[in-house]
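This report concerns only the one structure given below.
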2 protein chains.
Amino acid sequence: MTLDDLTTPCLVLDLGILKRNLAAMAAAVARHPGLTLRPHLKTAKSREVARLAAPDCGPITVSTLAEARYFAEGGWRDQIYAVGITPRKLDAVAALNAAGAEVKVITDDPESARAIAAHPGPLRALIEVDIGEGRGGVTPESDALLAIAAALGPRLAGVLTHAGHSYLGRSAEDMVAVAETERAGVVRAAERLRAAGHRVEIVSLGSSPTALHGRSMAGVTEVRAGVYMFGDLFQAQLGTHAAQDIAVTVLASVIGRKPERNAVLLDAGALALSKDRSTEKAPKDYGFGLMLDREGRRSFGEAILTRTHQEHGEVQGDGPLPFERLPIGALVRVAPNHTCLTAAAHDRYHVVEGGQEVIAVWDRVNGW
Amino acid sequence: MTLDDLTTPCLVLDLGILKRNLAAMAAAVARHPGLTLRPHLKTAKSREVARLAAPDCGPITVSTLAEARYFAEGGWRDQIYAVGITPRKLDAVAALNAAGAEVKVITDDPESARAIAAHPGPLRALIEVDIGEGRGGVTPESDALLAIAAALGPRLAGVLTHAGHSYLGRSAEDMVAVAETERAGVVRAAERLRAAGHRVEIVSLGSSPTALHGRSMAGVTEVRAGVYMFGDLFQAQLGTHAAQDIAVTVLASVIGRKPERNAVLLDAGALALSKDRSTEKAPKDYGFGLMLDREGRRSFGEAILTRTHQEHGEVQGDGPLPFERLPIGALVRVAPNHTCLTAAAHDRYHVVEGGQEVIAVWDRVNGW
C-alpha cells in the first residue's frame, strides 16, 4: 500500500521523524540523572507510539478516561490522569486500579480530596500546583495546598505542575526562565508538604519546551511532555524541534484550482485540520496549516491554508503556485498548526518512513 | 438513564428543539410549491436524525464518502455528495451506485468532468456554480460552465451553488438579498446550459439562512441546508433560529473553581467543543461557547468559555458566578459556537426531550 491507495483526508505519520523527536527528548531528560520521563499520550493516543515513547510499558500521562483504559489494557500500568478529577469519575479509575493499573488522579480541590480519601477503591492523587499559568492548581504557598494534602492523607502521591505559559515564550532563554519557575514552584510545594509531615513521592512537571530547556531538575522526580513526539508549526517556532521535524501531516487531495486568485482547494478543511490558530501570534502565522508536497517537502514555498470550511481548505501561494503540479486529485500533505487537535479528528495513522509506502496502520483512542 | 449517568464531556441532543427547527425549515420550504428540501447531513451525520429531517429516505446531501456509504446502507438512495470530487474517489461512488444508490457528485473542473464521463460505473454529476462566495465553482457566465457540461455529456445532472457568504449577513434583509443572488445565479447557469442543449434536471442551492429567507425560488428545484437542525450561537445571531433553539449542547463537569478570577474550569475543552470562533465577528462574541445549567437554561448569565486547552475549558462570568451551584463535579451544558464542528468530536448523541432522562442514544458517522 502506498499513499496513492489512501482515501483523503487522512493522517500520515513519519516514523523516522518520530524516532528523531523521541531521541531528542530522551537525550534532554538524560542530562538529569535519576529523572524519569513520563510521556503524555494525549497527542498520540496510540499504543504503537507508546511502545516507542514509553518502552517496556513505562510510566505515562493521559488526558481522558478512555486513554487510561486503553493504555491500561495495553499494559501501561503506571499512569497519571492529568486533568482535574471529579468525584463521579473515581469509580472508573478505581476499577482500572482494582484490575491491576496504578492510575493516579490529580486535584486542586479539598472537597474532591475528601471524596478521593473516602472512596472504597484503590486510589492515589497528586495535588495540582499552579506556578503561573493560571489554569488549574493551587499556588505553592497557599493554605489550600496543605488542606488538600491533609484531606488526602495517605492517598497523597505527590505534586504536579504544568508550565503551559511556556507557550508564550519565544526564545530559548524564555524557556529556560519558565522552566526554572516551574521547577522552583513545584519543588517548593513538595517541601512545604514534607515539612507538614506528608510523604511526597512524585514531584512532576513538564511541557515540551520546559522539558527540553530546563537546566536544573533538582528536586524533581519526573517530567511530562507530549507534543514533542509529533511536533507542529507552532512548536517548531518555540524551538521544540526543527522546522522539518513535523512527524504528522494530513494527506489531502486537490479538489479545486483557482489560478485567478493563486489558490487551490483541498479536501482537508476544518474537520481534518481543526480550527486551531496557535500560530496566530507566533512570529510566522501559518493560518490553518502549511501545504507540503506529497513527499512532505516545502516545495510549494509558503503555501498557507488561509481559509477552512468543514471539508474545504483553501491554500494561497506566497508566490505563483505551480498549477501544473496541482491538478484535481493531486496528493499533497498539510503540516498542522497544532498536532494534538489535528490528530484528534482521525482514528488512525498511516505510517511511512520517508517514502510513499505505508508500512503500518496504527489506531488511536479518541473520545472520552 | 439520566444525564447523571453519562461520562462527561458528551453530546446532548434535545429532541423537542430538533423537531421545532425541522418544522421551521419545512414551513419555509413549503412557501414555494414544488420545491424540494434536500437536507445536508454533514452536521448531524446520524440516521436517526435523517429519519426526521429526510423522512421516507428522501433526498439528502452529504459531505464525505463515509456519510454517503452510511446513509446509502441506511436506505437513503438519492444523495448529492457536495464536495468537489476527485477522479480517485469515483470508484467508491460508482460502487455505491452499482449497489442501488444514486449518489451524485459535483465538479467545477473540465478534467474531472472527463474522468466522470469516462468512468465505467454509474455516475452523474452536478456542476458547482460560484455565485459570489469565492470558494469552489465556476461563475454562471463562464465559458468553463459550458465546457464542463460538454465534457459530462449525458452524465450532467444539474447545477448546484451554496451562498456561504450568507454567513456574513447580519439582518433578515441581508439574507433576502444574498438568497436572491444565489437563486438568480444558479438559475442563470441552468438557463445557459439549457440554451446549449443540455438537460438540467436539478437546480440546487442553499445554506440555512438563504433557505429560510429566500422570497422567490423561481427556477430552483431544491434547497440544501444542514446547520438549521441543531443551531448554534452563531446561527442564532444570523436569525436562523431563536436563541433558545440550540438543540445540541455539550454536557460537561466542573473540574476547577477559581473564585479569585470569577471562573470555573470544565472538562469540555478544545477537543470537546472545537476551536471554532465563528462568533468572533458576530454582534455577540461567545468565545468558545456559552455555559448553560444542566437543564439547558441561561441561568448563569453570559458565562462564556474564554479559554480552552485540549481537555479544559475556562468559563468567565459576566457577573459573579454562583459558586454554590458550581461545586467540583457539577453538571453544566455548553451551547456551541458552531455545532457542525463541535458535534464532530463526538461519536454519539444522548437524546433528551426537555428533561434529564436520556431517552435514546444515536450514533454518528465521523471521519472519511
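Taking a straight line from the alpha carbon of residue B:284, these lysines sit under 25 Å away, with near neighbours fewer than eight places off in the same chain left out: A:275, A:281, B:258, B:275.
A straight Cα-to-Cα reach below 18 Å connects residue B:104 with the aspartates and glutamates A:267, A:311, B:67, B:73, B:78, B:91, B:128, B:201, B:222, residues fewer than 8 places away in its own chain not being considered. For the peptides B:145-157, A:203-215, A:293-305, A:62-74, the ranking by packing is A:203-215, A:62-74, B:145-157, A:293-305, with the highest mean count of neighbouring Cβ atoms within 10 Å listed first. Using R0 = 60 Å, the C-beta based FRET efficiency linking residue A:91 and residue A:177 works out to 0.90. Under the combined filter of DSSP loop state and at most 16 neighbouring Cβ atoms within 10 Å, the range B:86-153 retains these GluC sites (Glu not before Pro): B:141.
Rounded, prolate or oblate: which fits the range B:41-225 when a ≥ b ≥ c are the square roots of the eigenvalues of the alpha-carbon gyration tensor, with rounded for a/c under 1.5 and prolate only if a/b beats b/c? It is oblate, given that a/c is not under 1.5 and a/b is not larger than b/c.
Comment: the Cα-to-Cβ extended label point of residue A:121, at 7 Å, lies 4.6 nm from its counterparts in the other copies, nearest first. Contact order normalised by length for chain A, with contacts defined as Cα pairs under 8 Å and 6 or more residues apart; what percent is it? Dividing the mean separation by the residue count of chain A yields 20 percent. Our coupling estimate for the range B:229-245, obtained by passing each phi through the Karplus curve with A = 6.51, B = -1.76, C = 1.60 and θ = phi - 60°, is 4, 9, x, 6, 5, 7, 4, 4, 6, 7, x, 5, 7, 6, 4, 8, 9 Hz, Gly and Pro reported as x. Each copy carries residue B:100; placing its label point 7 Å along the C-beta direction from Cα gives inter-copy distances of 4.6 nm, listed from smallest up.
Could you check what % of the DSSP bridge pairs in chain A are antiparallel, to the nearest 5? Bridges in chain A that DSSP calls antiparallel: roughly 50 percent. Helices in chain A, meaning DSSP H runs of at least 4 residues, each add -39500 (n - 2.57). Divided by all residues, the mean residue ellipticity at 222 nm is -8000 deg cm²/dmol. Within the protein assembly as shown, DSSP assigns beta bridges of which about 50% are antiparallel (rounded to the nearest 5).
Coordinate-derived values only; no laboratory data. Note that the structure is a prediction, hence the values are computed from the model and not measured. Note that each Cβ is placed from the backbone with ideal geometry, even for glycine, and that neighbours are counted across all protein chains shown.
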